[in-house]
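One structure below.
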Amino acid sequence: MTHDSIPTSDADTCARFHSETFWTQFRHGTASVDGVRLHYVEGGQGEPVLLLPGWPQSWYVWRYVMPLLAAAGRRVIAVDPRGMGDSDRPADGYDLRTVAAELHGLIGALGLAGTGGIDVVGHDIGTWIAYALAADWPTDARRLAVFDAALPGVSVPPPGGIPSEQANVKSWHFGFNRLDDLPELLLQGRERAFLTWLFRAKAVRPWTIDSADLDEYVRVNEAPGATRAALSYYRYGFSAAGLEQNRARGARKLTMPVLAYGADGGVGGALLATMRLVADEVEGGIFDNCGHYMPEEAPQAVVAQLTRFFAVPPL
């Protein structure tokens, strides 16, 4: 299988995040969709692009990417889907059909789609959600870009048995996060220690998530219901119903252009292989010398690939 190999280095990072500068260009917003309040951060002018985060993060994972995209002439909207960041955390409704429908409602409420749809970008669980949005509401997604994730029910599962040390670090949480009650018991009150370990274990450049960034991630993860809500994505996504829901999506191939990049410290080429199973027009590959947290570890490289991809008009 052919794929691009994108070298990354410390030069692909950004200067330390300065919130004072950021908030001169961006603002918080909320929208209510079917009674669920969704939080987002937006700024910039031009064609809109929707950014979706993953676990255990929030819109904030895109803080370096957002000014770069705005400087490239885009209106940028980074959303906390239900259960993440500062959005509502309902007790249920974490199946991807429901979450995608809420984002469809948000796109409509903010007047983003126009007649040609919106560019949609996802990372980690945000990739699951972005794919569901593109599959369930194809006129909403003009182009789809996804980063470092596997799709439940679509990606080829890893071989059974005891994984290697490297594979175990990358994948242990899929089983843990699906357990009833135990993750909440073990993580409550220990969010800082857990997140510190997780970011260091899964990053090649862990210093791109500094103490102030950790404070923000701890804040949203220690909020009431945050752990239960985040884990609900895993509990439903890997349930029999969740897997079947995604398999049904995969039977209807995406027709919009798709960009898919994994990190060599993450899923590698597996994401590109997965998206080629479910979409007709796919390009992408691997970010070398990069860990899982691609929007933070290599934001310059992420934006370079996005702006190149967005410059090509959909057929």
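The values are calculated or read from the model by the stated rules, or taken from the named source; none is laboratory data. Predicted, not measured: the structure shown is a model, and the values here were computed from it. Here the Cβ positions follow ideal geometry from the backbone for every residue, glycine too, while neighbour counts run over all protein chains shown.
Annotations for the structure displayed:
- Residue check for Ala149: within 24 Å of Leu106 (Cβ to Cβ) and touching a Lys or Arg at 6+ places or on another chain (Cβ under 8 Å): no
- Considering the stretch 1-28, the residues that are surrounded by fewer than 18 Cβ atoms within 10 Å (Cβ to Cβ) and of a type in the set (A, V, I, L, M) include one that is modelled with the lowest pLDDT, namely Met1.
Condition check ((1) over 28 Å from Pro159 (Cβ atoms); (2) out of contact with any His (no Cβ under 9 Å at 6 or more places or on another chain); (3) at pLDDT 95 or above) across all residues:
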{"site": "Arg252", "(1), (2), (3)": "yes, yes, no"}
{"site": "Pro257", "(1), (2), (3)": "yes, yes, yes"}
{"site": "Thr274", "(1), (2), (3)": "no, yes, yes"}
{"site": "Val282", "(1), (2), (3)": "no, yes, yes"}
{"site": "Gly291", "(1), (2), (3)": "no, yes, yes"}
{"site": "Met294", "(1), (2), (3)": "no, no, yes"}
{"site": "Gln305", "(1), (2), (3)": "yes, yes, yes"}
{"site": "Ala311", "(1), (2), (3)": "yes, yes, no"}
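- The stretch 63-81, residues that are under 10 Å from Val49 (Cβ atoms) and hydrophobic (A, V, I, L, M, F, W, C): Val65, Met66, Leu69, Ala70, Ala72, Val76, Ile77, Ala78
- Which numbered condition Asp80 fails, given (1) buried (at least 19 other Cβ atoms within 10 Å of the Cβ); (2) among the acidic types (Asp, Glu); (3) over 19 Å from Met256 (Cα atoms); (4) out of contact with any Phe, Trp or Tyr (no Cβ under 8 Å at 6 or more places or on another chain): (4)
- Any chance Ala31 is surrounded by fewer than 14 Cβ atoms within 10 Å (Cβ to Cβ) and farther than 21 Å from Val146 by Cβ: no
- Residue in the stretch 252-260 that is on the phi < 0 side of the Ramachandran plot, in a helix (DSSP H, G or I) and in contact (Cβ under 8 Å) with a residue 40 or more places away in the chain present: no
- Among residues of the stretch 232-245 being touching a Phe, Trp or Tyr at 6+ places or on another chain (Cβ under 8 Å) and not charged (D, E, K, R), the one that is surrounded by the fewest Cβ atoms within 10 Å (Cβ to Cβ) is Phe238.
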